[in-house]
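Colleague: This structure is in C-alpha cells; I'll ask about it shortly.
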Amino acid sequence: MAICAYCGNDKPATREHIIPSWYYKYDPSPNDVGFNERAKGKIVKTELAIRDVCEGCNSGALSDLDSYGRDLFFSSLVNYVYVDSKTELSYDYSLLVRWLLKISYNSARAHNSDTEILGQYKNVVLGNQAIPEHLILRLRTIAPTTGGVYDIAPAKKQSPIVDHPDWFRVGVFRPRSFDSMYWSFRQITINSYSFLLFVPDISESSEAIEDIVSIRRAIDQEADESILVDHSGSMAVPEPITSSINYNLTHLGNFPFTYDLVESDTIKAALEEKDRLINYWIDRSDIEAQTIGDTLSFLNDLVSSREVCMGLAERLEISIHGYNDDPRELYEIPEVVSFLQALDREWSYWMLFQHPECRWIQMLFVCLSNPVKTEAGRVELDPELMRHHMDRWFTSLNELSHQFAISLTVNKRVSLKAAEILMKGSEDSL
C-alpha cells in the first residue's frame with residue numbers, strides 16, 4: 001500500500017508514465033533512448049515512469065488526460081512548424097493545462113524537484129479544482145533545421161531538411177529577468193511545439209500574486225517569440241525563431257559530460273561516484289605565494305554547467321594543508337586569511353556545494369569576518385562582515401538557482417543547512 005500522489009488515499013501503487021505510453025508506441029525513432037537527469041549515466045533505455053499513483057487515478061482522470069493529449073498530438077502536434085507556416089492550433093484550454101500540469105508534476109516527483117508548488121495542483125489535474133487565474137501558459141515553436149555543416153537555420157516547407165524536431169521532453173526553465181521562490185517553471189516540448197508553464201504557488205502564505213506584474217514584465221522582455229495560450233480554444237501558431245539543432249545545443253551544453261563534450265578526468269570521476277565526498281586540498285605553497293589560480297580554476301569548473309552543479313551539489317569539502325605544525329588557528333594566520341579573501345572575491349557559490357556534514361564554509365566564514373579571540377578563549381566576529389558574507393552567499397546561491405534552473409526544493413534544503421552551519425560558526429570558538 002502507498003499514499004497516492006494525486007488523491008492522497010492509501011491504496012496499491014501503479015506505474016504512471018511521465019511521458020505518455022502512447023508516445024512510446026508512436027515514436028518514429030524506436031532506437032532512440034530517453035534522458036533522466038537522476039539516472040546513472042542519464043541516458044536510459046526504458047520508458048520514464050513513477051510508481052506512486054493508485055489504479056483509480058491512473059485509469060481514470062489521468063488516463064483521460066493522456067487520451068486528450070494523444071488526440072491533440074495526432075491532430076496537430078505531430079506536424080512540424082516551418083518559418084513559412086501559417087498554422088492554427090485548436091485546443092481545449094482546461095484539458096491542455098491539466099495534461100501539461102500532470103506531466104510536469106510526474107516529472108517533478110521523479111526528480112524531487114519543485115514538488116512543493118506543483119503538488120498544490122493535484123486537484124486541478126484531477127478536475128476537482130479550477131485552474132488558478134494567474135497560471136500562465138505560453139507557446140513557442142521550433143522548426144526543422146536546414147543548411148549545412150557551417151550554416152544552419154530554421155527551415156521553410158520546401159527547404160532541404162537536415163534534422164527534424166522529433167521528441168517529447170519535459171524540463172525546467174527560468175525567465176531571464178525574473179526570480180521568485182513562489183513560482184515553478186516547466187517546459188514541455190513535443191516536436192515543434194514548446195509549451196511554457198508559469199505555475200504560481202497557491203498556498204495561503206504565498207506571495208506569488210504580488211509577483212504577477214513583475215513576471216508579465218519579464219515575459220514581455222523575453223526574445224523567445226512565445227505567445228499566450230488563452231481560453232479562446234484557438235490560436236495562430238507563432239513562427240519559429242530557432243531550429244531543432246540549435247535548440248538541442250542548449251541541452252547538450254547543460255550536460256557536456258554526458259555527451260563527452262568536455263574532458264576533465266577529475267570532474268568526470270566525481271560525477272560518476274554520485275555519493276562520494278569531494279575533498280579539495282589547498283596547499284600551503286599556494287597560500288604563501290598568494291596564488292589562487294589553481295583553486296579558482298577548480299571552483300569555476302563546478303559552475304560550468306547544470307550537470308556539474310547538480311552532480312556535485314552538497315558534496316564538497318575544502319581543506320588547507322601544510323599548517324599542522326603551526327600552533328595558530330587558521331584564522332590567526334594572515335596569509336591564510338588574505339588568500340581566502342582573494343578567493344572569495346572571485347567566487348562566492350559556497351552554499352550549493354557545502355557538504356551538510358562538513359565545516360569548510362564555517363571555517364571560511366570565521367576567517368572572513370575579522371575574528372578576534374577574547375581572553376575567555378571565544379572568537380568574536382564582526383557582525384557587519386557576518387551579515388555581508390551571509391547576504392552575498394545567499395544571493396549567489398539564488399543566482400545559480402536562476403541560471404541553472406535549480407529547484408526550489410534544493411535551494412531551500414541547501415539554504416537551511418548552510419544557515420545552520422554558519423550560525424554555529426558564529427557561536428562556537430574554533
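Colleague: Being in contact with a Lys or Arg (Cβ under 6 Å, 6 or more places away or on another chain) and either in a helix (DSSP H, G or I) or polar (S, T, N, Q) (or both) is the filter; apply it to segment 83-114 and report the residue that is modelled with the highest pLDDT.
Modeller: Per the criteria, the residue is S104.
Colleague: Select from segment 369-380 the residues that are part of a loop (DSSP other than H, G, I, E, B) and modelled with pLDDT of 85 or more and write down the one among them that is surrounded by the most Cβ atoms within 10 Å (Cβ to Cβ).
Modeller: Applying the filter and picking the extreme gives S369.
Colleague: Considering segment 115-146 alone, what residues qualify as being more than 20 Å from S63 (Cβ to Cβ), assigned to a helix (DSSP H, G or I) and in contact with a strand residue (DSSP E or B) (Cβ under 7 Å, 6 or more places away or on another chain)?
Modeller: Answer for segment 115-146, where residues must be more than 20 Å from S63 (Cβ to Cβ), assigned to a helix (DSSP H, G or I) and in contact with a strand residue (DSSP E or B) (Cβ under 7 Å, 6 or more places away or on another chain): just I117.
Colleague: Take S396 and tell me if it is modelled with pLDDT under 90, among the hydroxyl-bearing types (S, T, Y) and under 30 Å from G171 (Cβ atoms).
Modeller: Spelling it out, it is not the case that S396 is modelled with pLDDT under 90, among the hydroxyl-bearing types (S, T, Y) and under 30 Å from G171 (Cβ atoms).
Colleague: Between a first residue in segment 375-396 that is under 15 Å from E346 (Cα atoms) and a second residue that is at pLDDT 95 or above and assigned to a loop (DSSP other than H, G, I, E, B), which pairs have beta carbons less than 6 Å apart while being 6 or more apart in sequence or on different chains?
Modeller: What qualifies is R392/S348; W393/S348; S396/S348; S396/Y349.
Colleague: Suppose we filter I241, I292, I278, I267 for residues that are among the β-branched types (V, I, T) and modelled with pLDDT of 95 or more; which single one remains?
Modeller: Residue meeting the stated conditions: I292.
Colleague: Tell me, please, whether a residue that is among the hydroxyl-bearing types (S, T, Y) and crowded, with 19+ Cβ neighbours inside 10 Å can be found in segment 321-333.
Modeller: yes
Colleague: Further question on the same structure: Please indicate, with yes or no, whether at least one residue in segment 225-246 is assigned by TED's automatic domain parsing to the domain that holds A155 and under 19 Å from the mean Cα position of the chain (by Cα).
Modeller: No; the residues of segment 225-246 include none that is assigned by TED's automatic domain parsing to the domain that holds A155 and under 19 Å from the mean Cα position of the chain (by Cα).
Colleague: Kindly list, by first and then second residue, each pair from a residue in segment 197-209 that is part of a helix (DSSP H, G or I) to a residue that is β-branched (V, I, T), limited to pairs with Cβ atoms under 8 Å and residues at least 6 apart or on different chains.
Modeller: Hits for this filter: A208/I202.
Colleague: When you go through V336, V414, V366 one by one, which is the residue that is crowded, with 17+ Cβ neighbours inside 10 Å, under 23 Å from R306 (Cα atoms), of a type outside the set (F, W, Y) and in contact with a strand residue (DSSP E or B) (Cβ under 8 Å, 6 or more places away or on another chain)?
Modeller: Unique residue meeting the criteria: V414.
Colleague: Continuing with the same structure: So the check is Cβ under 7 Å with 6+ separation or different chains; which pairs have a first residue in segment 54-82 that's at pLDDT below 95 and a second one that's part of a helix (DSSP H, G or I) and of a type outside the set (F, W, Y)?
Modeller: From segment 54-82, no pairs qualify.
Colleague: Could you tell me which residue of segment 339-363 is farthest from N300 (Cα to Cα), considering only residues that are crowded, with 18+ Cβ neighbours inside 10 Å and among the aliphatic types (A, V, I, L, M)?
Modeller: So the residue we want is M363.
Colleague: Within segment 67-88, identify whether any single residue is in contact with a His (Cβ under 7 Å, 6 or more places away or on another chain) and in the same structural domain as R174 (by TED's automatic domain parsing), and answer yes or no.
Modeller: Looking through segment 67-88, at least one residue is in contact with a His (Cβ under 7 Å, 6 or more places away or on another chain) and in the same structural domain as R174 (by TED's automatic domain parsing).
Colleague: Let me ask something additional. Looking at segment 313-321, can you tell me whether even one residue there is under 21 Å from the mean Cα position of the chain (by Cα) and not charged (D, E, K, R)?
Modeller: Yes; the residues of segment 313-321 include at least one that is under 21 Å from the mean Cα position of the chain (by Cα) and not charged (D, E, K, R).
Colleague: Next question. Of all residues in segment 270-311, which are under 19 Å from the mean Cα position of the chain (by Cα), surrounded by fewer than 15 Cβ atoms within 10 Å (Cβ to Cβ) and not in a helix (DSSP H, G or I)?
Modeller: Result: K274, single match.
Colleague: Continuing with this model, one more query. Cβ-Cβ distance below 7 Å, separation of 6 or more or different chains: which pairs start in segment 326-346 with a residue that is modelled with pLDDT of 95 or more and end on one that is part of a helix (DSSP H, G or I) and of a type in the set (D, E, K, R)?
Modeller: These pairs meet every condition: E335/E288.
The values are calculated or read from the model by the stated rules, or taken from the named source; none is laboratory data. The model shown is predicted, which means the values in this text are computed figures rather than measured ones. We place every Cβ from the backbone using ideal geometry, glycine too, and count neighbours over all the protein chains shown.
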